[in-house]
Amino acid sequence: MSKTSNLNRVDGRAKVTGAATYSAEYKTNGVAYACLVGSTIAKGKIKKIDAKKAEWAPGVLAVITHVNVDKPAGYQKAKEPANLAQPLQILKDDSVKYYDQPIAIVVADTFERMQYAAKLIKVEYVKEEHSTDLHKVKNNGKMPSGKRSQDYLRGIDNAYKNAEVVFEAEYIQPTEVHNPMELANIIAKWDGNKPTLYTKSQGVEGTRKSVGDVFGMPPEDVSVHSEYLGGAFGMGLHTWPYEIAALIASKKLARPIKLVLHREQMFTNVGFRPITIQKMGLGATKSGKLTGMTHEAVAQTSSYEDFTEATVNMSRFMYDCENVATRYRIASIDTCTPIWMRGPGEATGSFALESAMDELAHKLDMDPIEFRKINHAESDLEQKKPWSSKHLLECYEAGKEMIGWKNRKNVPASVKEGDWFVGYGMGTGTFGSSRNPTSVRAKFLSDGTLVLQCSVNDMGPGTATMMTAIGSESTGILAENIKIEMGSSGLPKGPTQGGSATTSSVGSAVFEACKALVEKTIAMAKETNTFKNAKVEDLAFAEGIISSKKEKSKSISLAALLENQKLQEIEAVTDSKNTEEAKKYSIYSFSVHFVKVLVNPNLGKIRLAHVVSCADIGTVINQKTSAGQMFGGAVGGIGMGMMEALEIDHRFGRAINNNFADYHVPVNADIEKQEVFFVNKKDPYSNPMGTKGLGETALVGMAPAIANAVFNATGKRVRELPITLDKIV
Ligand code: MOS
């Protein structure tokens, strides 16, 4: 274990004491308050907006609608339907594309006056027939254009149908909402023709690009600050109407605008996990060897953007199977565009794949882990590459031990504890581990401080803490003497925080920048009188001091070195990216979630007695923050499995449970015992630290683990999430 493997969150104190500044908290002189007025139909045209009363209300500075808006310059170039890089063209015309779509921006001098005036707006519509039910349009889906969204076939199509043992089923996962604690919020202002945004974004550079596109300017002209985020879970991976609205209003009034969404708008205007209907077909020999697999999915998108995710893709490589076909479609319904939500694609896909694997194991009368081991993939059959590393089998063994798998009976509803039926279930997860181009600047200051700069954000997993740990390990500077500057444009360009790629991308860049900085410092020290006859390889750097390995008495501090060189600081900047060597391998993380449930069939109550999440994520940089992320993500998976569903009243196309009273998410008390296990073995090829991705594997496989445990406890198979009590009584 290294010195930094249990580092506390370096920004933890700032977060819990209120010292951390979130987007809407920036102090800005002359700020005005804006809100969005949403449509009350799901599809149609605005016949008339009567904003007079609102405009005349006290303190109101502007009511902006499609009638009087100055349209951003980039609207002309925009394509429809757009791929995901382009946000909704708010107030472009009189059309309504979903319920609660922003149709007016109200700005006033105080928050209260803004709220009051917004209620005075009267709208008349010409309604058109809307379609918000995916089940009605599931056969009208289209194959998206992306390379990995294409139909996939290995071997023979639908080979499973000719197997000795055949299993087929349909699985449904509803729309789910990210619901971070911190609402979507922004302060927008213009300095001449250049905008500045303090906003809730998972990618400073991505937001610069999409805002630049909307307003017809290069990304370099857009400043974005997103230093702290109170969670996001994927909703910050897109630029949303509220951000464009604040910029439009700020430009028009030539003053800073603050706009914070209501919780209700968080269900309708900032994306969600799309409702997805999946069909699985599996075929195996009587001895449990998979011979064919077909995985099909159709998912919700909006009428104005194509959203895609990797829903069916894990079926291509997860198991050793000769004949595999996958088909993925998206179908437009009249809602806001979905967006990636934690474990995107695979979390949904694993519900179908890992439930079906359990169902087929049952049909074969086999232990579900034994069945998976028989079909363990020794290499990636999709990419036809060796794994960079794979310790999935160790995850199975560790999890079996921790959950008490030996107490499981293969016959459902055969174990009881008092009035409660006991069930054990598991589900396997995986997620890719990409390493994205990242630039980091590392600086030594004369007081021995190491400064690390990158525009990457941290939505919560502990990115600054990870950077500190890697910076400390690679320079010998103590963690408390390391300063992280991140989350703002103008810093060296970092990646978007998403896809479990931050540690591999930013961590590698920190590692390389620190290495270059130490080399530069040693080379500089060699030029001083102290070391004038020394060789570079005889010099070492630790805790702010350069010393000779041969003559212990000879050393020079950073402060002395900088003074000697008449410098304020020494810096090194690296542009870090994936290596050709790494591209020869298929790099995935793997996880297995184990669940013990207690079910009382009379009460219909399901208790999660014990949850164990095991993962192979390569090197664990920080046990504490990694375990924290795994715990939190697994709880998200429990929400997916047992509670979460956005209900739409299709008569109106309107979300019904758009609040925390009606849309339930789990809390700590819902899980009686939760444990995490990491294999913690370095991946030899992924990156210098040997890490793989973590965040998404925390969810992928959790929902099916619960479904499988509930089946084991009761004999009832639930194929539509969430697994609520009405489905098992
Ligand atoms: Mo994650 S869904 O890539 O924020």
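Within the option set LYS142, LYS189, LYS122, being under 30 Å from LEU61 (Cα atoms), in contact (Cβ under 8 Å) with a residue 60 or more places away in the chain and surrounded by fewer than 17 Cβ atoms within 10 Å (Cβ to Cβ) holds for one residue only, LYS122. Within segment 1-47, the set of residues being out of contact with any Asp or Glu (no Cβ under 8 Å at 6 or more places or on another chain) and of a type in the set (Asp, Glu) comprises just one member, GLU25. For segment 192-202, the set of residues classified as surrounded by fewer than 24 Cβ atoms within 10 Å (Cβ to Cβ) and small (Gly, Ala, Ser) consists of GLY192 only.
Only residues that are over 24 Å from ASP191 (Cβ atoms), touching a strand residue (DSSP E or B) at 6+ places or on another chain (Cβ under 9 Å) and small (Gly, Ala, Ser) were counted in segment 6-42, giving 3. The condition (being outside any helix (DSSP H, G or I) and either at pLDDT below 95 or of a type in the set (A, V, I, L, M) (or both)) is satisfied by just one residue among ILE369, ILE339: ILE339. Of all residues in segment 505-517, those that are out of contact with any Gly (no Cβ under 7 Å at 6 or more places or on another chain) and buried (at least 24 other Cβ atoms within 10 Å of the Cβ) total 6. Only one of the numbered conditions (1) polar (S, T, N, Q); (2) touching a Ser or Thr at 6+ places or on another chain (Cβ under 8 Å); (3) away from the ligand (no atom under 16 Å from the Cβ) is not met by THR337, and that is (3).
In segment 40-52 there is at least one residue matching the filter, namely being at pLDDT 95 or above and under 29 Å from the mean Cα position of the chain (by Cα).
Within segment 267-285, the set of residues being within 26 Å of the chain's Cα centre (by Cα) and away from the ligand (no atom under 16 Å from the Cβ) comprises PHE267, THR268, ASN269, ILE275, ILE277, GLN278, LYS279, MET280.
Within segment 588-611, none of the residues are in contact (Cβ under 8 Å) with a residue 12 or more places away in the chain, assigned to a loop (DSSP other than H, G, I, E, B), in contact with a Ser or Thr (Cβ under 6 Å, 6 or more places away or on another chain) and in the same structural domain as LEU392 (by TED's automatic domain parsing). Pairing each residue of segment 228-243 that is without any contact (Cβ under 8 Å) to a residue 60 or more places away in the chain with any residue that is surrounded by fewer than 24 Cβ atoms within 10 Å (Cβ to Cβ), provided the two are 6+ apart or on different chains, yields no C-beta distance under 7 Å. I'd like the residue in segment 537-562 that is assigned to a helix (DSSP H, G or I) and under 44 Å from the mean Cα position of the chain (by Cα) and, out of all such residues, is surrounded by the fewest Cβ atoms within 10 Å (Cβ to Cβ). Only one residue tops the list, namely GLU537. May I ask you to verify whether THR4 is surrounded by fewer than 22 Cβ atoms within 10 Å (Cβ to Cβ) and in contact with a Pro (Cβ under 6 Å, 6 or more places away or on another chain)? Taking the combined requirement at face value, the residue does not satisfy it.
The values are calculated or read from the model by the stated rules, or taken from the named source; none is laboratory data. From a predicted model like this one, the values you see are computed outputs, not experimental measurements. Here Cβ is always computed from backbone atoms with ideal geometry, including for glycine, and neighbour counts include all displayed protein chains.
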